[in-house]
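J.: Dropping a structure here in structure tokens format, bear with me for questions.
The values are calculated or read from the model by the stated rules, or taken from the named source; none is laboratory data. Only a predicted model underlies this, so the values are computations on that prediction, with no experimental measurement involved. What goes into the accessible areas is simple: the full protein's heavy atoms, side chains included, and nothing from ligands, DNA or RNA. Shrake-Rupley method; radii C 1.70, N 1.55, O 1.52, S 1.80 Å.
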Amino acid sequence: MKAFNSVPMSWIANFSPSKPRTLLCISGDDDEAKKPLKELIEQVGLASVDLGSLAIGGRLQQLGGPLAGIKLTFTERFIL
């Protein structure tokens, strides 16, 4: 399973109320195992999105992948 491996711990450990809510991508082959991880991410004030399996989602967030090292924050909201 992948989740926190592309985010610096200094960013995760910052619980400042002024810090924008951050999105963490998770991937894994066991949907039941991902549920507690999603809950943990939400409990620490972050948001999560499930990218699917390690073969697909894991590749997107591994070093060199298009989502590696990108800081995704909720600073604006689109209104439709």
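J.: As a test of the formula, what do you get for the chain when each DSSP H run with n ≥ 4 contributes -39,500 (n - 2.57) and the sum is divided by the residue count, at 222 nm and rounded to the nearest 500 deg cm²/dmol?
T.: -6000 deg cm²/dmol
J.: Students often forget the sequence filter, so: which aspartates and glutamates lie under 19 Å Cα-Cα from residue 71 once same-chain residues fewer than 8 apart are removed?
T.: 42, 50
J.: Oh, and also: Per residue, what accessible area does the chain have, given a 1.4 Å probe and all protein chains present, in Å²?
T.: About 70 Å² of surface per residue is accessible.
J.: Further question: On C-alpha positions alone, give me the angle between the axis of helix 31-43 and the longest principal axis of the chain, in degrees, nearest 10.
T.: 10 degrees
J.: Follow-up. Given a 1.4 angstrom probe, I'd like the percentage of the accessible area of the chain that is carbon and sulfur, rounded to a whole number.
T.: 60 percent
J.: Taking every eigenvalue of the Cα gyration tensor of the chain, multiplying by 5 and rooting it, what semi-axes result, largest first, whole Å?
T.: Result for the chain: semi-axes of 21, 15, 14 Å.
J.: Starting at the first residue of region 62-71, write each ³J(HN,Hα) from the Karplus equation 6.51 cos²θ - 1.76 cosθ + 1.60 with θ = phi - 60°, in whole Hz, x for Gly and Pro.
T.: Running phi through 6.51 cos²θ - 1.76 cosθ + 1.60 with θ = phi - 60° gives 6, 3, x, x, x, 9, 5, x, 8, 8 Hz.
J.: When the chain is modelled as a GNM with alpha-carbon springs shorter than 10 Å, which of 28, 45, 64 fluctuates the most?
T.: Highest fluctuation of the listed residues: 64.
J.: If amide H atoms are built 1.01 Å from N in the plane of the peptide, which residues on other chains or at least 5 residues away come under 5 Å of the amide H of residue 48?
T.: For residue 48, the qualifying residues are 24.
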